[in-house]
Structure formats: C-alpha cells, structure tokens
Amino acid sequence: MEIPYTVTARKDTGLFNAKVGIWLFLASEVMLFGGLFSGYVFLRIYADYPWPERALPVLPGLINTFVLIGSSVTVVFAWAALKMRQWRRFQFFMAITIACAGIFMVLKGLEYNAKWNHQAVRMDDFTIVEGHTHKAVIDEDGHFHEVHEGDDPHGTPFKANAVIFKAERVSFSLVRAHESWIDSMLSQAEERHSKLVAQKQKGTTGIFLYGALVDFEADADKRKAAEEDIVKEYQTAEKIARKIGEKSLYIPDGTPLSYALLKKAREIFIAGRAHNAEIRTGILRTKWKDAHANHPDKGNWEIADEAKITPEDTAGQIVKVLSTLAFEMDPPVPLVLNRSWIKRPIPAKAEQAELRDDTTLAGALQDSPLALAVDAVDFRWMAQKAVEADKDPMKVIESSWIFSDKNEHAAEYKKLWKMHKKRIEKLEEHLVEKYKRDKLGNPKRVSTETERYRMGWKDLLQYAKAEEEGVFPGEEKFDDLRPSMTDGFTGPDHKNADVKRLHAFPELKVPHEKVAMASAFTPKWNTYYAIYFTLTGLHGLHVIGGALVLGYYLLFSKGLYRQNPEWLANRVEVGGLFWHFVDLVWIFLFPILYLM
Amino acid sequence: MSAEAAADHGDHDHHDEHHHELPFYKKYIWSTDHKVIGIQYGITALLFLALGFYLMMVMRWSIAYPEEPLPSWMSWVFSDEWKARWLQDGRVTGDTYNMFGAMHGTIMVFLGIVPLGFAAFGNFVTPLQIGAVDMAFPRLNMISYWCYLVGGLIMVGSFFMESGAAKSGWTNYSPLANFADGQIVNQFLAGQTQWLLGMVFLISSSLLGAVNFLTTIINLRAKGLTWMRLPFFVWAMLVTGFLLLLAFPPLEVAALMQLMDRTVGSSFFLPSGLYTSGAGIIEASGGGSPLLYQHLFWFLGHPEVYVLLLPAIACVAEVIPVNTRKPLWGYKPMVWSILILGFLSFVVWAHHMYLTGMGPVVSTWFQTTTVLISVPSVILLTSMVVSLWGGSIRFNVPMLWALAFLPMFGIGGLTGLPLAFNLVDLHLHDTYYVIGHFHYVVAPGVLFGLFAGVYHWYPKVTGRHLDTFLGHLHFWPSLIFMNMLFFPMLVQGMAGFHRRWYNGGDAYLSKAEDSVNVFGNTVAEWIYLNPVMSWGAWLLALSQIPFVINFIASIWVGKKIKNDNPYDATTLEWATPTPPPHGNFTFDIAVFRGPYEYSRDDHEGDFFPQWEEPKRDKPAEVPVEEPTR
C-alpha cells in the first residue's frame, strides 16, 4: 500500500501532501502565536503599573534578527541545491542554517542567564531597586553578615534574600511535609549543633500515634476512665496496625526527626483515617435509613438534623488520629528559610511562620534583610501612585524610605538623586531650547517618565564618573561619560572596571518588612517579563525543534537522497517553510519586546 | 512538528507493502491503519464516557440526597483510603463535588465526545468515503491517538494524587484555578497542574489529527470525487478539522500561561493586590487579567461546541438518506450552512461572558452574531427533517437514533436562543437552565447522533449487525430517561437553581425557604425534582447495559451481513470488503456521481452507488463489469 502524492503533487490542488500539511500546521501556529500576541496587547493595555518600555539591551536581539534572516536565506539555498542535485552544496548551506540556529540560541541563553541572575525588589512604598544580591552568613551569635569577595565566612553562605527564623518548635503536617525542606532544616540544625526531637508532652513518656495522650496528673477517677479508654483504643489501634503491618505506634521522647519517621507516621495516620471513615460511614447510613423511614415524605434538608453522628455512636470503635507531629528544637537556632517556601507574608517581629507544606514554626523572626548592590533605582511606579493620589511625585519620592535616615546608605542615594535631578533639569532646558514652546507657553517636548524617575545602571556609572572628574550635567564633557550601546551586552555590568573602581553601584540593605515583592527578572517579576519569557521561550523551542528536523535532513538523509532526491527536496521545502515561519515570528517579536 | 510529519510517512508505507501479515501488536496496538486507530479511539472514548457518566452519578447523588452517605453500590470503586480522604463520613463534600464536576465536564468533552465523534468516526469513515487507501500521514495518526491516551491518563491519574484532580470547573477559570492546590509544593504533582499538562497533550493530539484529516480530505479524494460529490459526512469533518486547527491554539496559549502562573509564579491572570483567605495578600506581581483567560478559553470553547456537534450531524446526515431511500434534501444549502456555521462559530465566543460586564457595545456585537449563527443551524436541522418527507422509511435501530436526534437537538438548540440575549442571560447564567440547554445539545443530541453512527457502521467494522431487540432495549429507555434527567433542569433553572450547589439547593433552602424570583417560581417548589432527575440518571445508566452486551457479544454472535453493502447504500465505504483490509479498496476506485443517488427514475433498483460506472446509451460491446468485491 502506498499513499499517493507524497512525492509528486496532485494535479488539481497542485500540492504534495506534506505541503498541504505544513500550510495547515502553520495556520494553527499563527493562531498560537496570535493568541500570545493578543495576550501581550491585552496585558499592556490593561497594565496598572509602568510597563517596562525598551527595558532590554537591544544589541543581542538585533544580532539575532539578522542571524535568523540569514538562516532563512541559506535554507532556501540548501533546498535549491537539492533541486539541482548538488549534495555538497546542500550540506554546506544546511550546515550554515543550523549554525545560525545555534548562534541564536546561545545569544538567547546569555540574555536569559543575565536576567535570572539579576534581582529586583519592590518595597512597600513602591520604590523599585534592581541589582545583584549578596551572599550572607549567620554567625555563631545568630547575627546576619554580608559576605563580600575575598571574605572568609564562618558557616555556609546563603543568598541574602531569605527569611531567617529562630525556631523553638516545628510541627509538620503528616500528609504534606516536604522532604527536601525537612532535609535542609535538619542539616542547618546539625551545623549549628542543635537537633529536632519529638516534643515532650506533659506527664507522658512519648507520643502514642493515635493521639491517645493520657494526662497522668489528673485526678484518679478521670485517670481511671482515661486508662480504660486508652486500653480500648489501643486494642482498635492494634487491629489497624496489624492491617498495615506496622507494629510500633509509639514515638518515645527525644526521638530525632527524620523524614522516614514522618512517612511512617503518615502511613499510620492514613490507615487510621480510613478505618474511622469506614466505621462512621456505616453508622451514618443506618441513621439515614431510620430518618427516611420515620419521615417518608420529607426531603433531606428537612431531616438532616436527625441523621447526625454523636460521640456515643462511635465510642470504642474509632481511633483518634494525629495529622501533625510537633518537634522541639534543642537548643533553638536560626534557620534560613527560602523566601519561596513561605505560605503567607511574615510581619516584623512575628512569632510564627507558616510554610507552604503546612509546616509551622514557632519562635522569633530574626533580622532578615535583602542585601544587594544596586544598579538601578526606579521611582516610576511610586510617581504613578502619587499622581493617582493627587500628590506631588517629587515630594513623595524625596520623602521615601531610601532617602531617609533609616537607610544606612541614604547619603549615597541622595548624592546620586541630586545629580540626576540636575541632569533632568538641563535636559528639559535643552528640550525647550530645541523644540520651543507652544502657544500656551508650555514646552512642546518634555522628558519621559523613564528619564525623570529612573536611574538606570548607565546613569549610575555616568554619575560616578562625573563625580570623580568633577564634571556636572550641562557641561559638554558630561555626555561623553555615558556608557555606549556595546557596554554591558546583556545588561548591567557589575564586573566593569570603572564600576568596581568607583563603587558606582551603591549598597542597600532592605529590611524584611519593607520588601513587598522580591524576584529575579523572571516571569514572576511582572507581566511584561512573563509574556517576554513565554513568547521568546516558545519561539526558542520552535527554533530548537526546527533545527533538529533540519539537522536530521543534513545528517541522516544521504540514503534517501540516493534513492529519491525529489522526496528529500520536498522534505527540506517543508522544513524550510516552517523555518521561515519561525523567522517571521521573531521579526514581530523583536520590535514589540525590545524596541516598543 | 509538521516538518517531521512530512518526513515521517514515507519509508513506513514501503515496508507495509511487503508484510501483509503484521504481528498482533503492530496490527492492533501500534497500528498506523486509520480503521484500527478509529476503533482504538472509539473504544477508549466509550470507556471515558462511562467514567464521565459515573462521576455524574456521584454528583447527582449529592444533589438529590445531600448529607447522606454515598450508597455502597456507587462507592465500592474507591479504596478505603480514598474514601476517607474525599468522602466525609461517606458523604460527598463540596470539594469532592467540585472535583467530580470539573472532571465530568473535562472528560465528557475532551476525552469522550470529541474523540468519539471526530476522531473515531472521522478516522474510520472519512478515508473510506473519499476512496483513499489511508490517511495522508498514517504515522502521525498513530501519534495523535497516543497523545490523546497519554493526556487522558494524566487527567485520570490526577484523581489519585494527594491534591486530587482539578476542582475549578471544566472551564478552569482564573484566578480560582491559579490558586487551587497551592498547598502542593511540587506543583507538577498537583491535580490542577496535571489538568493543564493533560490539556497540552490533548490539544497537540487534536492539532495533529486536524492537520491529518484536512490534508487527507484535500489531497486524497478518489478520481472523480469533486467537492460537491463529497458525502455530507466528509464536509462536516472538513469543517470540524478547521475548527480544531484554528480554535485550539488559543486554548493552548491559555493553558501555557496558566501553567506559567502555577509553576514559575507569573501573573498573567492575576490582578494586582489579590487577597485570599488561605495565603493573605498574594506575593505575586499582579497586573494580569482574569478576563484574558476567559477570552482565550471561550475562543476555543465556542467552536468546541460545534466540534462536538458536527460529527453527530454528520452521522445523522448519512443514516437518513440510506434509511429513507431518498437523497438528502438541500445538500448544497447544507454544505454552505456548515461552512458559514464554522466561520461564525469564531465570532460568538463572548456570549459565554455576558456576566463579566464587557459593556453594551461588545455585548451587542456578540448577541447579533449569536443570533445569526442559529440560521445555519436551523437550515441543517430543517433540511434533515424535510429529508424524511415522502421517504419510505426503514425504522431500523440506527434510524431510530437519528430520528430521535432531530427533536432532541431541536430542544437543545431552541433553549439556547434565550441565552443569546444579554438581558435574559444575566438571569439564567450559571443556573440549571444553562446546564439543561447544553446537555440537551450534547447528550440526547450529539450522543444520539453518535449512537446512530455506531449502529449504522458496526456491520462495516465487524461484518455482523448489532442485535435489533437489544438495540430497542437500549434506545427506548434511553430516550425516556434522558428527558427525565434533563427536562426538569430547564424548569429548575428558571426557578433559580444554581449549577454549583453541591447539595442541590438544600443549604440555600434551609436559610431562605420563601425565595421568589422573577419568573414567580421558588426553589422550594421545584426541589422535589432533584431525586426525580437523579433516578433518571440511574435508570439511564441501566439502559446502557443492553448496549454494552450488544456491542461486545455481536462481534461473535451477531447476524452476519448479507453482502458488503447490507443497506444498499451509495457512498464509497460500502464498496470495500468487510471488514476493509489494510489499503481499503480492492479495485481502482472512481466516482461518477453525487453521494445520495437513491430512487432515481432513470436507474434500476432504488440506489445508484457513487462508484458504479454509468451505463452507456447503446448496448456496450463488452458487458459492463460490476466492481469486484
């Protein structure tokens, strides 16, 4: 059996099958990227924060545009070579095409990498700072210390973007406790010579896993009743224990925490719960049967009160189940908790922290600043909020935390801001001079919000150099000090010699409670980066997929070429059409993400 | 990747030529034969339909008998541990109800009806009806099936995860769906995320399938099979293919964005300053839009309705001419209608979103297009009804289903008209009226049409007829109990019953017994219908048992067909041996006329097959040969 029109075209449609297929497939691809582009438009129109216009370094994107266009041309040459039955020529051009795909992906990778390692912080007053997070350690007294290059830290350094919590007691949810977090806590405790042990209960010698904790200090009658209860429960529990093949249900005091222990406890919890459910369901069914028999005409909502389980119904048949296990930290030491583990924001001086796996820590929040070398300060959002509240943005900005005495580095920022304001003043003067004023006397052109309210890394470096050389805005030399387009190929360049020498990127320690949102430049930071990564990521996957297919033609198709060169040419044509599409998508992506 | 697809099909086919006896696993499991793949799709889809039906029965129990433990005949499927987790003392909880509700919708739509209608029937019948040896890309066809199965298994697998399956409705609206299962640390192990991953597989499967169907129909039609000679079934598949091809990608976008939101913390669908009781102020950037999700979802969602519907209409449109011995009335208008319908289905989506407050201008536009789209639908239905006029109808089982389809789909369609209007929809939105409306379209509508197809083509697939008595035993109770199940929904909906009441209005009633709404009905008046409908559901389940028995047993004990064309039909699938071998046709197929040439005055017998050569005016020197079978 042979499928017709795989090599030759059908007369009335003029197409071979794969070509029909690829055009249809590309139609669906248009809808796919169309959906994402619509998403971009929708998000940008409805954005309630300053959309990061022209936020990306243009050069890598520009180079990539030409690389892809070039590869689209060479893929056509490769196809034409096949049509002319020139194998070596085909190999040559196809290899160039795939090399272009490689260059594209490498540049993309560099861009991604720079963003993933670039921290952004939004403070609760909408000041935004960007920069590189420092490493830090907790010393033996439990104090926070930044680690700088060349330091010899005591202890394991962590990224200074964590929550430091001195825990006295930690309780774990049996069903959810997350293994790797427990491991991290255990190793941290060990490093600080502390351990997590099963929590002592008043008057008991350990935890009986079905929760039958007897208070031995109570009076004799109660105690006797309780003992009877515990015997009964123990018997039921034994039965269940036998069912799941688990004998030890008893955790003595001082048993150290381990994930294996929690896992065992979880099994027992689940089995106990299943046992209880079975018993209770049976009882409830009987109750409902009786209720229906007593009131044959009534709906469930009218008789629901009659069919309720009371504690007497279940006495002696069910077991108490523990769903959490608590451990004591002996002695209490600070634990470094990753910011992403936290379930809900922890206020200053909090005595409790909740993790996403329902682990709760009781103790005290320690000083947990986010320490970074700042390469940009952005007041655009703050200005927007000020305007919305009918306030003067400049006043709001200048009374913000970063310029206040509470910030130990405030002086540096004040100096930079002064220089910045001077520069904007000169810029506005220049704009009036150049573009004049309209009939009402207003300048025809003013500075943009980005110019006014944002000090980017190039600004910071320029100001530092100007400071050094004693040059000021308005002087001719000032403009020459600005880094050029080729500086910082993928973004702020912290290794730049001038930056290092002049300490052009000031330090900042943002206190824990000031941090409203902290994120690297990932999809999490804002919807612009979300759509940027989604669009370019999906496009990148298309590039990789296309390159794999074209690579297959290049490397494994000599046999087909000898047998049926026209067929191979068809395949390359179809692959080439796909490649053109991928190129076309980028031609739309580049302006909307990099230039607009 | 389609480039790969293009590369794929070639050498494989060469192989097949030399190995007619394929090993079992190649013939039935890793098969590239469109018929086997069609059957695989069909059986898998029927199993998923049964699962979806079961989920619905559990929900209906909770609605009819709230607070009462699930009876053991329903709960025995679960393990004790599962029951302890999801049934509180044996009762269906709100969470469980939500989970079953979301998965009932998802399974029925994406894993049941679309694969049964489009993929199973489309795969088996389309290449036969256009006289092709197979699909244009057989290996791609196989990949489509396996993608579908993987997607389905991911969805079903999520029931057994710690988080349970998705619980945010089959529409998976954000921001609700963004936070659901937020307590699961590894988001890839959360039911809500699994739903998205499953969807990505299902969508990929549909896209590959659509490309394949369209290419096959465009490029592999037999000699002489011009566009207007195509059976209506093929037209319907063509339009369905285009709908899938162009409507699914935006949903894939939505699924990808939601996946990003869930796994890497982006805020595509999260507005600024969102607060939840579980986690306080969400540490997310915000700035996104829940409305964006709804637009992307319903851009698929509405065409999807026609993806469900058209294959059923296609089956009915094939069954009717055969069993009335008359051409399909208004074939050409029907073809144009279905094309226009396909186009219009892309511009009506926001009528699902009147409640979001899009503004009067946008609403007016979508009201207008929605009312417009009823015109081609009515043309289709009317043409099929008129086709019955003056026919000598054979009341066999497929025809019964087809005949029942017409009024049932009619009810479904007509109850949709009021919903097209913004004002009425504001009242009826999310009530049982809406549930009743679209279930009339997809359950007694689409499913009846597909059952007609099953009974109609079963002899071509197996060489044996399904049993008529069991067929009647399947049909009549199904007809009655479907209506017993769905008609009360329309009444309840107008009285204001909300679709998400997991206890069927009980909790609401115990607080406000005397609620009166604009139609003058009260919830208290109609709550007694809850058990009635639920009994309709149980009995409907019972009425499917004859079908299951019939479907399995007839493979071996059914009445053998008298010849390859047991119905004296005219379309090309009846020109093949039974069951059709790999490669389908045993002679060089050529088409001489339109698809429904029944009872022609100028031709002996009451049918004139498409493949039969015309007799010449003067007696031929060589006798005209009958096609060999």
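The values are calculated or read from the model by the stated rules, or taken from the named source; none is laboratory data. Please read these numbers as outputs of a predicted model, since none were measured by experiment. Positions of Cβ are backbone-derived with ideal geometry, glycine not excepted, and every protein chain shown enters the neighbour counts.
Tabulated values for the structure
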{"read-out": "Some residue of region A:113-128 being in a helix (DSSP H, G or I), within 22 Å of the chain's Cα centre (by Cα) and surrounded by 15 or more Cβ atoms within 10 Å (Cβ to Cβ)", "value": "yes"}
{"read-out": "Complete set of residues in region A:75-87 that are touching a helix residue (DSSP H, G or I) at 6+ places or on another chain (Cβ under 8 Å) and surrounded by fewer than 21 Cβ atoms within 10 Å (Cβ to Cβ)", "value": "A:Val76, A:Phe77, A:Ala81, A:Lys83, A:Arg85, A:Trp87"}
{"read-out": "Complete set of residues in region A:523-552 that are at the interface with another protein chain (Cβ under 8 Å from one of its Cβ atoms), more than 22 Å from A:Val106 (Cα to Cα) and in contact with a helix residue (DSSP H, G or I) (Cβ under 8 Å, 6 or more places away or on another chain)", "value": "A:Lys524, A:Thr527"}
{"read-out": "Any hit, region A:422-436, residues being within 32 Å of the chain's Cα centre (by Cα), at negative phi, surrounded by 12 or more Cβ atoms within 10 Å (Cβ to Cβ) and not basic (Lys, Arg)", "value": "no"}
{"read-out": "Restricting region A:355-383 to residues that are within 14 Å of chain B (Cβ to nearest Cβ) and under 19 Å from the mean Cα position of the chain (by Cα), the residue that is nearest to A:Glu507 (Cα to Cα)", "value": "A:Leu370"}
{"read-out": "Condition met for A:Leu59 (more than 9 Å from chain B (Cβ to nearest Cβ), part of a helix (DSSP H, G or I) and either closer than 21 Å to A:Tyr561 by Cβ or out of contact with any strand residue (DSSP E or B) (no Cβ under 6 Å at 6 or more places or on another chain) (or both))", "value": "yes"}
{"read-out": "Residue satisfying all of: in region B:542-577; surrounded by 20 or more Cβ atoms within 10 Å (Cβ to Cβ) and of a type in the set (Val, Ile, Thr); farthest from B:Ile43 (Cα to Cα) among these", "value": "B:Thr570"}
{"read-out": "Candidates A:Glu428, A:Glu388, A:Glu351 - the one that is over 30 Å from A:Asp141 (Cα atoms) and more than 14 Å from chain B (Cβ to nearest Cβ)", "value": "A:Glu428"}
{"read-out": "Subset of region B:487-507 (residues that are out of contact with any Phe, Trp or Tyr (no Cβ under 7 Å at 6 or more places or on another chain) and either surrounded by 22 or more Cβ atoms within 10 Å (Cβ to Cβ) or more than 14 Å from chain A (Cβ to nearest Cβ) (or both))", "value": "B:Phe487, B:Pro488, B:Gly496, B:His498, B:Arg500, B:Asn503, B:Gly504"}
{"read-out": "Residue ranges of helices (runs of 4 or more DSSP H) in region A:450-561 with at least 1 members under 18 Å from A:Pro60 (Cβ atoms)", "value": "A:457-469, A:527-556"}
{"read-out": "Breaking point among (1) facing chain A (nearest Cβ under 8 Å); (2) in contact (Cβ under 8 Å) with a residue 60 or more places away in the chain; (3) of a type in the set (Phe, Trp, Tyr), for B:Phe299", "value": "(2)"}
{"read-out": "Where a residue in region B:308-331 is closer than 15 Å to B:Val441 by Cβ and its partner, wherever it lies, is crowded, with 24+ Cβ neighbours inside 10 Å and of a type in the set (Ser, Thr, Tyr), with Cβ under 7 Å and at least six apart", "value": "B:Leu310/B:Thr240; B:Pro311/B:Thr240"}
{"read-out": "Residue check, B:Val461 more than 23 Å from B:Pro531 (Cα to Cα) and outside the structural domain of B:Gly122 (by TED's automatic domain parsing)", "value": "yes"}
{"read-out": "Single match in B:Ala247, B:Ala236, B:Ala210 (criterion: surrounded by 24 or more Cβ atoms within 10 Å (Cβ to Cβ), assigned by TED's automatic domain parsing to the domain that holds B:Arg139 and either among the small types (Gly, Ala, Ser) or within 30 Å of A:Phe16 (Cα to Cα) (or both))", "value": "B:Ala210"}
{"read-out": "Those residues of region B:265-288 which are assigned to a loop (DSSP other than H, G, I, E, B), at the interface with chain A (Cβ under 7 Å from one of its Cβ atoms) and more than 12 Å from B:Asn178 (Cβ to Cβ), in sequence order", "value": "B:Ser272, B:Glu283, B:Ser285, B:Gly287"}
{"read-out": "Residue within region B:314-330 that is among the polar types (S, T, N, Q) and under 30 Å from B:Thr431 (Cα atoms) present", "value": "no"}
{"read-out": "Set B:Leu308, B:Leu300: member being buried (at least 22 other Cβ atoms within 10 Å of the Cβ) and at pLDDT 95 or above", "value": "B:Leu308"}
{"read-out": "Given (1) at the interface with chain B (Cβ under 7 Å from one of its Cβ atoms); (2) outside any helix (DSSP H, G or I); (3) surrounded by 19 or more Cβ atoms within 10 Å (Cβ to Cβ), index of the condition A:Thr13 fails", "value": "(3)"}
{"read-out": "Looking only at region A:392-419, and only at residues there that are among the aromatic types (Phe, Trp, Tyr) and crowded, with 18+ Cβ neighbours inside 10 Å, the one that is nearest to A:Val515 (Cα to Cα)", "value": "A:Tyr413"}
{"read-out": "Test: residue in region A:365-382 that is over 30 Å from A:Leu460 (Cα atoms) and either of a type in the set (A, V, I, L, M, F, W, C) or modelled with pLDDT of 95 or more (or both)", "value": "yes"}
{"read-out": "Test for A:Ala218: is it of a type in the set (A, V, I, L, M) and modelled with pLDDT of 70 or more", "value": "no"}
{"read-out": "Checking B:Asp606 against (1) surrounded by fewer than 18 Cβ atoms within 10 Å (Cβ to Cβ); (2) out of contact with any Ser or Thr (no Cβ under 8 Å at 6 or more places or on another chain); (3) charged (D, E, K, R); (4) at pLDDT 90 or above, the condition it does not meet", "value": "(2)"}
{"read-out": "Residue within region A:37-48 that is in contact with a Pro (Cβ under 8 Å, 6 or more places away or on another chain) and either of a type in the set (A, V, I, L, M) or more than 30 Å from A:Arg122 (Cβ to Cβ) (or both) present", "value": "no"}
{"read-out": "Residue list for region A:94-112, restricted to those being touching a Ser or Thr at 6+ places or on another chain (Cβ under 6 Å) and surrounded by fewer than 22 Cβ atoms within 10 Å (Cβ to Cβ)", "value": "A:Ile96, A:Leu110, A:Glu111"}
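Per-residue answers, yes or no, for (1) in contact (Cβ under 8 Å) with a residue 12 or more places away in the chain; (2) hydrophobic (A, V, I, L, M, F, W, C); (3) within 30 Å of B:Trp227 (Cβ to Cβ); (4) crowded, with 24+ Cβ neighbours inside 10 Å:
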| site | (1), (2), (3), (4) |
| --- | --- |
| B:Asp89 | yes, no, no, no |
| B:Phe100 | yes, yes, no, yes |
| B:His104 | yes, no, no, no |
| B:Ile107 | yes, yes, no, yes |
| B:Phe118 | yes, yes, yes, yes |
| B:Gly122 | yes, no, yes, yes |
| B:Gly131 | yes, no, yes, yes |
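Here's the yes/no breakdown for (1) in contact (Cβ under 8 Å) with a residue 12 or more places away in the chain; (2) assigned by TED's automatic domain parsing to the domain that holds A:Gln91; (3) out of contact with any Pro (no Cβ under 8 Å at 6 or more places or on another chain):
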{"position": "A:Lys495", "(1), (2), (3)": "no, no, yes"}
{"position": "A:Lys509", "(1), (2), (3)": "yes, no, no"}
{"position": "A:Glu513", "(1), (2), (3)": "yes, no, no"}
{"position": "A:Leu535", "(1), (2), (3)": "yes, yes, yes"}
{"position": "A:Ile544", "(1), (2), (3)": "yes, yes, yes"}
{"position": "A:Gly559", "(1), (2), (3)": "no, yes, yes"}
{"position": "A:Phe578", "(1), (2), (3)": "yes, yes, yes"}
{"position": "A:Phe588", "(1), (2), (3)": "yes, yes, yes"}
